[in-house]
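Before any comments, here is the structure.
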Amino acid sequence: MSAVTGEERLRLWRPPGNHAAVCMHGVTPSYAVDPIGECVFGLLLAGMMEARRGRTRLVFGPGDLCVWSPSGRHAGHAHRSRHWEARLIIMPLSAVEDLALDPEAAGQLRFPKVPRINDEALASRFLHLHRALERTTSALVVEERLLGWMTQLLGSDVQPPGTRATAVTTARARRDPAFRRARELLGDDPSANITLAELAKVTGASRHRLTRLFRAAHGLPPHRFQLARRLEMARALLERGRAVVDAATAAGFVDQSHLHRHFRRAFGLAPARYLSLLRSNVQDDGGQWASFERERTNHARYSSHRRP
């Protein structure tokens, strides 16, 4: 959804799989909010903004992050420019706590004392996160990226008293009942747009723990594991003669171009080119690779005869 008011141009949407978050991207000359239990996270892209909360006055420039806890009203106006451009995520405090705090750790939210943060790496991650929330249709991607960024910004890795943090080995992760159940769910129906929270509920493990288990077992977060299964399913359907558009829909991709993009990235070939090479290889009883092998063998024999 977008709106235009004078010098203000705003787009507003909710990412799939997370109905707590509201995303915004736009240009505005001023704002004023009184957050009641809502947290605001933003990145200034262009222009400058002067913001006030109580007696605190801050000037934000391009690349600055703003992290506003729901502790009181704040307002801002353009500074040395007519307006500024920013990307924002607005979430209820309860949803932020749910994402940022690992239930297996004794932590609490750590909102920065000053809501202006100048951290290039953190800002870059926020920008990538926000762009992903703008274009992705995968509920797993949305939740995992929000989880990772919120944990890095506000979470705590402090362990409960009397416990020791231990790395999860590959073998241990693969034996874990929660991981095996989650992998089974994602593998049985790759097309399902299941969320990380839903996986956690079914398996009885926290989202943080499931993510750690998948990384330990496969070196991939859950959404990448799901993508691999979707590509595997789509490729099998294509090889059985299904049209690309039908294979894309059946495997859980939004459309043909969505499959095309991921297929090319994974295999280095467009689906049509892949099928063409596969069919020519079958028809030629080995095709180019068989010819290459024959040529390599002949060359080896010739070379052996020439040896003194």
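The values are calculated or read from the model by the stated rules, or taken from the named source; none is laboratory data. All figures in this text were calculated on a predicted structure; none of them were measured in a lab. So basically every Cβ, Gly included, is an ideal-geometry build from the backbone, and we count neighbours across all protein chains shown.
Data table
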{"read-out": "Strands (runs of 3 or more DSSP E) fully within region 1-89 counting 3 or more residues that are farther than 17 Å from F126 by Cβ", "value": "2-5, 8-13, 30-33, 49-53, 56-60, 74-78"}
{"read-out": "Selection count where residues are modelled with pLDDT of 90 or more and either surrounded by fewer than 20 Cβ atoms within 10 Å (Cβ to Cβ) or assigned to a loop (DSSP other than H, G, I, E, B) (or both), scope region 210-230", "value": "0"}
{"read-out": "Residue count for region 53-74, restricted to those that are over 23 Å from the mean Cα position of the chain (by Cα) and at pLDDT 95 or above", "value": "6"}
{"read-out": "Matching residues in region 231-262 - criterion: being farther than 19 Å from L140 by Cα, modelled with pLDDT under 90 and surrounded by 14 or more Cβ atoms within 10 Å (Cβ to Cβ)", "value": "R235"}
{"read-out": "Enumeration of residues in region 247-262 that are of a type in the set (A, V, I, L, M), under 19 Å from the mean Cα position of the chain (by Cα) and part of a helix (DSSP H, G or I)", "value": "L259"}
{"read-out": "Any hit, region 96-105, residues being surrounded by fewer than 20 Cβ atoms within 10 Å (Cβ to Cβ), in contact (Cβ under 8 Å) with a residue 24 or more places away in the chain, assigned to a loop (DSSP other than H, G, I, E, B) and hydrophobic (A, V, I, L, M, F, W, C)", "value": "yes"}
{"read-out": "Selection count where residues are assigned to a loop (DSSP other than H, G, I, E, B) and either modelled with pLDDT under 85 or surrounded by 15 or more Cβ atoms within 10 Å (Cβ to Cβ) (or both), scope region 153-190", "value": "17"}
{"read-out": "Top-ranked residue of region 263-284 - restricted to ones that are surrounded by 12 or more Cβ atoms within 10 Å (Cβ to Cβ) and not in a helix (DSSP H, G or I), ranked as modelled with the highest pLDDT", "value": "A270"}
{"read-out": "Verdict on E143 being in a helix (DSSP H, G or I), modelled with pLDDT of 80 or more, of a type in the set (D, E) and crowded, with 18+ Cβ neighbours inside 10 Å", "value": "yes"}
{"read-out": "Residue selected from region 121-130 under the condition closer than 11 Å to L43 by Cβ and of a type outside the set (S, T, N, Q), by the criterion nearest to the chain's Cα centre (by Cα)", "value": "L129"}
{"read-out": "Every residue from region 25-50 that is surrounded by fewer than 20 Cβ atoms within 10 Å (Cβ to Cβ), aliphatic (A, V, I, L, M), closer than 25 Å to S94 by Cα and touching a residue at least 40 places away in the same chain (Cβ under 8 Å)", "value": "A32, V33"}
